[in-house]
Number of protein chains: 2
Amino acid sequence: MSTETSTPRATYRHGDLRGALVSAGLAMARAGGPDAVVLREATRQAGVTPNAAYRHFADRGALLRAVSDAAQALAADRMEAEVARATAAPMPVTSATAAPPAPATPPSVAAPALLPRSVVVSAQPPTPVTSPFADAHPEPEQAQRMLRAVGTGYLAFAREEPGLFRVAFSVPDHLAQSTSPAKAGAAGRTPFAILSAALDAYAAAGILPPDRRENAELYAWSAVHGLGMLVIDGPLRGLSDPMVDAATTRVLDMVERGL
Amino acid sequence: MSTETSTPRATYRHGDLRGALVSAGLAMARAGGPDAVVLREATRQAGVTPNAAYRHFADRGALLRAVSDAAQALAADRMEAEVARATAAPMPVTSATAAPPAPATPPSVAAPALLPRSVVVSAQPPTPVTSPFADAHPEPEQAQRMLRAVGTGYLAFAREEPGLFRVAFSVPDHLAQSTSPAKAGAAGRTPFAILSAALDAYAAAGILPPDRRENAELYAWSAVHGLGMLVIDGPLRGLSDPMVDAATTRVLDMVERGL
DNA sequence: GGTGCCATGTGTACAATGTCTACAATCACA
DNA sequence: TGTGATTGTAGACATTGTACACATGGCACC
């Protein structure tokens, strides 16, 4: 069952062993979550001795953390795609083919920040696109759609890639790392940064009272994350798809009303 | 480091090996979460050969599920304690010594149910205590305090026993099992049943519009569970205690406003 | 252009774990 | 009394993470 790379690697050096290990880990995580990412199997897939991994990762935990970062980047991509679709199509269609992750430049509206918002993450140079929220007072409807899209994308990722979701968001981490470039998607933003930007727009549109903006990330995130975890990994698994859809809508309603 | 039972067990039969294994598993879960529950170590602590466990559990997963049930029972106890305190003391004191888990008989108000509410879980015969909500229209303040106490207790359990919390609520399960007697605390109610009852009271008090009662468990649960997971096991770990306190309050506010 | 360093990969080894297949002791009941 | 079902035991095996010593070869420096 061991999928070793066909070519037994001519050179002594691998070239990009670290990357290969993370890729293999990602594949295993996709199939079975955190517990399924096993160091030896990763080295096997990379066509390398088990101990070679220790030149790039202190231990299995370090590999897992790297895989987690990569998974967060994928989550970011999924969220960006949902946001892009929501801001493009005025009417939120229930389910359709995913749009390509078009980057949407978030507004830089000042707000009480949990983290140094100034740390703008960008792996690739962010494509300068004229955002529909470039002005100081974006349309409330757009801001609302955007915030919902963030949640929808997050939960879509959870349901489409439960293994990756678990590895992305249930491996111990620190909030201070939430905007680390390693977790950023193709558009240069991490999931946290995407949520943060959506909340900024939400507040700037006047929907969210300014005194409630602070740390709103945590509360919105909690609600959506909880549903995700309960559905894929907890007592809510086995809920029918329509039921999860309904729950998603209701949780997002709750967040909007209650934030 | 192996804590084997001092007496090497005179009799060939253990007496209650299953119970002993679950106890040992609970201890390990307390210390390190699901991954720390190792079958061989449990048998060691029970003073028994590794394979003896297979007479009581199909595999490690089955043991883990039993431990998960036991952990949910402990969570229920913690929640009952918080509810009891909240319904006793009118002013919600921030932190004090926990009151003993006094059972509070929930109202049997009819409401659109996600589960057959008729399945009343009770391990011990439920002590007939005159609940403050025995009448059809409980005081809104009491109902509100009760609902908040459910959330507070849940999160208190998460923070005080992170290992048990993870094993209780992140081991795959089915909602249909949410009222299984195995998960019930000393007062005979499972965490889900406690939440359900609190929401019944909440709705009966007229705070929650009847058309929003249905499946409200899921939404409230999601918010609180998400915060718990993010704080103990995810990117929100490392948040200072006061910050978590504040977040707890805000998430409960959000649930109240948004449910 | 030769040479030595050091990052990177290899080999061997060990303790632990989950679990399989016999086998043994004991209880329960005819 | 004995016979069958329960419950533990004995031994074994594949797999995993990881430690320690050694090999390789690309690159910096003379």
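In a reduced charge model with +1 at each Lys and Arg Cβ and -1 at each Asp and Glu Cβ, the range B:203-259 shows a dipole moment near 80 debye about its Cα centre.
Across the range A:17-57, C-alpha contacts under 8 Å between residues 6 or more apart give a mean separation that, scaled by the residue count, equals a relative contact order of 43 percent.
Each copy carries A:Ala176; placing its label point 7 Å along the C-beta direction from Cα gives inter-copy distances of 4.8 nm, listed from smallest up. Accessible area per residue for the range B:17-57, computed on protein heavy atoms with a 1.4 Å probe, is 47 Å².
In this simple spin-label approximation, A:Ala182 and B:Ala246 carry label points 7 Å from Cα along the Cα→Cβ vector, and these lie 2.8 nm apart. Interface residues of the range A:206-220, defined as a loss of at least 30 Å² in heavy-atom accessible area between the chain alone and the complex of all protein chains with a 1.4 Å probe, are A:Arg212, A:Leu218, A:Tyr219.
In the assembly of identical copies, A:Asn51 has its label point, taken 7 Å from Cα in the direction of the beta carbon, separated from the corresponding points by 3.5 nm (ascending, one decimal).
Interface size, chains B and A: roughly 3500 Å² of accessible area buried, both sides included, 1.4 Å probe, rounded to the nearest 100.
What residues have an amide H closer than 5 Å to that of B:Thr190, excluding those fewer than 5 places away on the same chain, when H is modeled at 1.01 Å from N in the peptide plane? Amide H to amide H, under 5 Å and 5 or more residues apart or across chains, B:Thr190 pairs with B:Gly185. Comparing the full protein assembly with the isolated chain (1.4 Å probe, heavy atoms, ligands and nucleic acids excluded), the residues of the range B:233-250 losing at least 10 square angstrom of accessible area are B:Asp233, B:Gly234, B:Pro235, B:Leu236, B:Arg237, B:Gly238, B:Leu239, B:Met243, B:Ala247, B:Arg250. The shape of the range A:148-196 comes out oblate: with a ≥ b ≥ c from the C-alpha gyration tensor, a/c is at least 1.5 while a/b does not beat b/c. Kindly provide the trypsin sites (Lys or Arg not before Pro) of the range B:210-249 that DSSP labels as loop, not H, G, I, E or B, and whose Cβ sees at most 16 other Cβ atoms within 10 Å. Those satisfying the criteria are B:Arg237.
Over the range B:175-259, average the accessible area per residue using a 1.4 Å probe and give it in Å², no decimals.
Details: 2350 Å² over 85 residues.
About 28 Å² of surface per residue is accessible.
Distances, shortest first, from the label point of B:Ala88 to those at the same position in the other copies read 6.0 nm; the point lies 7 Å along Cα to C-beta. Give, as a single signed number, the net charge of other residues whose beta carbon lies under 11 Å from the beta carbon of B:Arg148, with Lys and Arg counted +1 and Asp and Glu -1. Summing Lys and Arg as +1 and Asp and Glu as -1 gives -3.
Roll a 1.4 angstrom probe over the protein heavy atoms and tell me the percent of accessible area of the range A:215-259 that is carbon or sulfur. Heavy-atom surface of the range A:215-259 belonging to carbon and sulfur, 1.4 Å probe: 52 percent.
The values are calculated or read from the model by the stated rules, or taken from the named source; none is laboratory data. Computed from a prediction, not measured in an experiment: that's the story for all the values here. Cβ coordinates were reconstructed from backbone atoms using ideal geometry, including for glycine residues, and neighbour counts include every protein chain displayed. Note: areas computed on protein heavy atoms with side chains; ligands, DNA, RNA excluded. Shrake-Rupley method; radii C 1.70, N 1.55, O 1.52, S 1.80 Å.
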